[in-house]
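**Q** Mind looking over this structure? Questions follow.
The values are calculated or read from the model by the stated rules, or taken from the named source; none is laboratory data. Predicted model only: the values in this text are computed from it and were never measured. Cβ placement follows ideal geometry from the backbone for every residue including glycine, while neighbour counts extend to all protein chains displayed. SASA here: full protein model, heavy atoms, side chains in, ligands and nucleic acids out. Shrake-Rupley method; radii C 1.70, N 1.55, O 1.52, S 1.80 Å.
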Amino acid sequence: MKNHNVLIGIFVTAAIVLFGACLFLIGNQHKAFNRHVVFYTNFHNVDGLPKGSTVRVDGMDAGELVNIQIPAGPAQQFRLKMNVEERLHGLIREDSLVTVETEGLVGDKFLLIHSGTVRSPEAAPESTLAGKEPFDLTKMLEQAQGLMNQAGTTITQLQGTMKEVSGRLDTTLDTATGTLRTANGTIRNVDGVVLDVRNGKGTAGLLLEDKATATDVRQSIANVRQTTEKLNDTTTRVDSLLADVQSRQLVPKIDDTLNNAKVATQNLDQTTEQINTTLKSAFAQDQYGEDAGTNLQQSLTNFNQASGNLTDDTEALKHEFLFKGFFKHRGYYNLDDLPPEQYRAGQIFKSLPESREWIDAGSLFTTNQSGEEVLSANGRQNIDQAVGQFKGIYDNPLIIEGYASSGSPSDELVQSRRRATLVQTYLQLHYHLQPKNTGIVALRSTPPENAGRTTFDGVSLVSVGRASK
């Protein structure tokens, strides 16, 4: 009997020592025993950065992202709280910059703190560091396309302006030439008439004997001379206009502008060609004859297999001796696939206090051009209002119950699950909820027995609180 008690004592002692070593290793891996300094930064777009992401200082692991504060409105920014090891505090200055980086092509997101300059003072704890928004290649390509379109429009407008100026100059020259020809003909005719009159020929010569008629003729000749002077002045102005156009070199300047626009277009074409060459090089075949798409697809397949194996290992670990009590006390093992039968019977969450919000389908969904249900703008507002009624949204599990009351039983099942999935996707993307703490269940048109309703059409949000000990 004594030997048996000794063996039990040895086994219990070894288990405690092993459990303590595991806690120490896990804590050491997450740097829980290191002294940290808290810093903050702000971003308009967190670019899918999850809570708990790694924080690095000049490429060295220095801490983790401990909290993401959601802004109250679109004009505000996300506020990120970072824990950084105290030994790296000297590298962080007031002019240090925080950026969102990615490990490899499809790796995890992390925060990178760039060390500041020597002239800048050391950043104080609890201070806010400047953040640089993530780079978006799509926006750059859109801007380049817009610039190319604008250059094409400018060239078209310049060509139209050239044609209009040329047309106006041709019209002006033709008018001036016709006017000069008319004036010369008039002058020759007048000179011939005057000569005949002086020689006493024709009726005009006879009329010269009448002084009144002679006076009228002299006045007419004076008027003709004034008209000739005005025509000469008009010709002088036309010549001045042509000289001014030539002196300002308007046509060469327009040609230079068109040439500059062509050079800018060629530069844009070269930039686009360089981008295409870079993309072709990035997606070219490797030494084994496989292109980047095939390698990426194979990598994702391997990653999915590894994730599946890790999920199986984790699921098995949940049922082991050391961890079984935690999940049994919590009330569930996994929220990915809740069995509707057990959920209706209350076997999964019967020991956990819960609160729920009902949202009917009419105020939640709308139909797109393909005839499928999608979340409406009013539906998103109703979801936000319902989430605001819950306390501890980031700490407690959240269940999305889907309901549908039209069609056959199979149609109700499919539609209720799709509705729950749409709401789950919006909650995870908008509130950055952890997938492991959100679950969906398709209940067709009948709520659970303890829900207080017999039928429903829409979605119900259930916030499950932690069970009391």
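**Q** Based on this model, can you work out whether Arg380 counts as of a type in the set (Lys, Arg) and in contact with a strand residue (DSSP E or B) (Cβ under 9 Å, 6 or more places away or on another chain)?
**A** Answer is no for this residue.
**Q** Take Pro435 and tell me if it is surrounded by fewer than 16 Cβ atoms within 10 Å (Cβ to Cβ) and touching a Lys or Arg at 6+ places or on another chain (Cβ under 9 Å).
**A** Against the criterion (surrounded by fewer than 16 Cβ atoms within 10 Å (Cβ to Cβ) and touching a Lys or Arg at 6+ places or on another chain (Cβ under 9 Å)), Pro435 does not qualify.
**Q** Among the residues in the stretch 223-245, are any part of a loop (DSSP other than H, G, I, E, B) and modelled with pLDDT of 65 or more?
**A** no
**Q** Suppose we keep only residues that are in contact (Cβ under 8 Å) with a residue 40 or more places away in the chain and open to solvent by less than 10 Å² (accessible area, probe 1.4 Å) within the stretch 388-418. Which one would you say is farthest from Glu372 (Cα to Cα)?
**A** In this case the residue turns out to be Pro397.
**Q** If you don't mind, there's one more thing I want to ask. Out of the stretch 105-149, which residues are under 23 Å from Gly63 (Cβ atoms) and at pLDDT below 75?
**A** The answer is none; no residue qualifies.
**Q** Across the stretch 438-464, which residue is surrounded by the most Cβ atoms within 10 Å (Cβ to Cβ) among those that are among the β-branched types (Val, Ile, Thr) and within 23 Å of Ile68 (Cβ to Cβ)? Quick ask: steps written out before the conclusion?
**A** Of all residues in the stretch 438-464, those among the β-branched types (Val, Ile, Thr) come to 438, 440-441, 446, 454-455, 459, 462, 464.
Then keep just the ones that are within 23 Å of Ile68 (Cβ to Cβ); that gives 438, 464.
Working: Thr438: 19, Val464: 22.
So, considering only residues that are among the β-branched types (Val, Ile, Thr) and within 23 Å of Ile68 (Cβ to Cβ), the one surrounded by the most Cβ atoms within 10 Å (Cβ to Cβ) is Val464.
**Q** Has the stretch 374-382 got at least one residue that is within 14 Å of Thr425 (Cα to Cα), basic (Lys, Arg) and open to solvent by 60 Å² or more (accessible area, probe 1.4 Å)?
**A** Yes, there is a match, as at least one residue in the stretch 374-382 is within 14 Å of Thr425 (Cα to Cα), basic (Lys, Arg) and open to solvent by 60 Å² or more (accessible area, probe 1.4 Å).
**Q** Which residue is farthest from Leu111 (Cα to Cα), if the candidates are limited to the stretch 48-97 and must be of a type in the set (D, E, K, R) and either open to solvent by less than 30 Å² (accessible area, probe 1.4 Å) or in a strand (DSSP E or B) (or both)?
**A** Ranking the qualifying residues of the stretch 48-97, first place goes to Arg93.
**Q** With the condition kept exactly as written, say whether any residue in the stretch 150-173 is assigned to a helix (DSSP H, G or I), farther than 30 Å from Gln266 by Cβ, at pLDDT below 70 and of a type in the set (D, E, K, R).
**A** No, that holds for no residue.
**Q** So, in the stretch 101-110, of the ones that are out of contact with any Leu (no Cβ under 6 Å at 6 or more places or on another chain) and part of a strand (DSSP E or B), which residue ends up most open to solvent (accessible area, probe 1.4 Å)?
**A** Thr102
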